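The block underneath contains the structure these notes are about, expressed in structure tokens.
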Amino acid sequence: MAADSGRKSLKPTPRKKPTKREEKRVAKQLKKRGASPARIAAKQSMQARIQNVNKRDGAAGVSAGVSKDGTRSKGFSLSLPRLSFSPLRVLIGIAATAISLVLLLLVLSQLPVFVIESIDADPTQHMDAESIAKLAAVPAGTTLLNVNTSEIAQNIQKNPWAGDVQIRRVFPNKLKVHVEERKASAIVLMSSGDIAWYIGNDGVWIEPFKITASTDESATDVALRQANQLGCLLLTNVPSSVTPKAASKTTDSTVLAVLKYINGFSGDFSKNIVSYSAASTESISCVLSSGVEVSLGSATDISTKERVVTQLLTQYPNQITYINVRIPSKPSYRKVGSESVNPGSGGRVVTDANTNPPSDADEAAAKAKQEAEAQQSKDSKDSTSTDAQKSDSQSN
């Protein structure tokens, strides 16, 4: 047992490849022992096979495991070749792939099978499919792979009614175009009274139309009827300096102030507004569907003004004919069938319920008159004081 344990602790000596001299020496020993030539050849053949097996196992990276106690393990270990990556080689490979894809795309983009043969456009309320296809102006020979969709969208948007344009490729040879039409936010009646313009909520002038009024109705009535049909608002009394241009944004401060009100009011409140009047940025007013006129003033504190108007209409249903919220913290209003308002409400005293509510021009004139009277009174006092001083000096 002791001998066996000592034998197990010995490590096997790795086998070396025999040299030719050693092979000759082994062959001489076999001859001396009386071995036949066939046995010598078999011995050499066996050694050659062992060498081939060792070479094959070394090439495959397979080696028999040997435990610490010198015994061979049942498993095996696989030695794989180490791979090394060079950043430069990776970049070169990526660049080569990209160039190949670009060249492939260039080749495909010239194939006649992808040449655009038709434009399928969805008609809108003011633009039919044929006019949209003409506006697209796709050059002859353009394919789906080299078409400039941004340029086509800009061509279509030359029509002021065209808002957002979506273009989709339908292989092999068709373009699908969808136009989101610009919504008219208001109809602006020019100071001349015979021309009105559509304007979008983004401030873009769309197109004009002529007002043809009969003897029984005014230009305002015609424009208001057109606005009701389109579901938009009417804007009147704009300054004569307003000069619209199709497909361009307005730069007039008065029109922009009205648009600020239109976009600032809530949807529920806007539904009750029929028209706006805007002689200047400070004198903006609107008329509700109930006939109540609301003096809004400059486009500030929009949400607060809406809340005050709503509270007054709720507090006095079907009684108010006029509301002034230029200063929303001090509103004034006019009631039907009442000669005064409750104290502390900030309301205006009314002596005649049947008179029309004062307009912005009337209020401005009254304010100017008060200022003039105050100035005259001050001048009179200054003159009296000067005369008294002169009298005193002469008496001395």
With all protein chains in place and a 1.4 Å probe, Trp197 shows an accessible area in Å² (nearest 10) of 30 Å²
Rounded to the nearest 10 Å², the 1.4 Å probe accessible area of Arg169 is 100 Å²
Taking R0 as 41 Å and r as the Cβ-Cβ distance between Asp268 and Ser118, the FRET efficiency 1/(1 + (r/R0)^6), rounded to the nearest 0.05, comes to 0.35
For segment 141-218, dividing by residue count, accessible area per residue (probe 1.4 Å) in Å² works out to 49 Å²
Here segment 199-209 yields Karplus 3J(HN,Hα) values (6.51, -1.76, 1.60; θ = phi - 60°; whole Hz; Gly and Pro given as x) of 9, x, 5, 8, x, 8, 6, 9, 6, x, 8
Here the residues of segment 228-247 lying in the modelled label zone of Lys158, meaning backbone nitrogen under 20 Å from a point 7 Å along Cα-to-Cβ, are 245-247
Here, Tyr316 and Asn52, labelled 7 Å along Cα→Cβ, have an inter-label distance in nm of 11.7 nm
Each label sits 7 Å from Cα toward the beta-carbon; between Asn201 and Ser45 the label points are separated, in nm, by 9.8 nm
Which of Lys176/Lys245; Lys158/Lys245; Lys210/Lys245; Lys183/Lys271; Lys134/Lys176 exceed 23 Å between C-alpha atoms? The answer is Lys176/Lys245
Between Ala186 and residues 5 or more places away or on another chain, the pairs with built amide H atoms under 5 Å apart involve Ile199, Leu233
Per the rule of 0.36 nm per residue minus the C-alpha distance, extending Val138 to Lys249 adds in nm 37.2 nm
With all protein chains present and a 1.4 Å probe, the order of Met190, Met127, Met46 from largest accessible area down is Met46, Met190, Met127
Mean Cβ-within-10 Å packing, highest first, puts peptides 96-102, 255-261, 143-149 in the order 255-261, 143-149, 96-102
Packing-ranked peptide list from 241-252, 174-185, highest mean Cβ count within 10 angstrom first, is 174-185, 241-252
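The values are calculated or read from the model by the stated rules, or taken from the named source; none is laboratory data. Note that this is a predicted model, so its numbers are computed, not measured. No Cβ is skipped: glycine too gets one built from the backbone with ideal geometry, and neighbour counts run over all protein chains shown. Heavy atoms of the whole protein, side chains included, go into the accessibility calculation; ligands, DNA and RNA do not. Shrake-Rupley method; radii C 1.70, N 1.55, O 1.52, S 1.80 Å.
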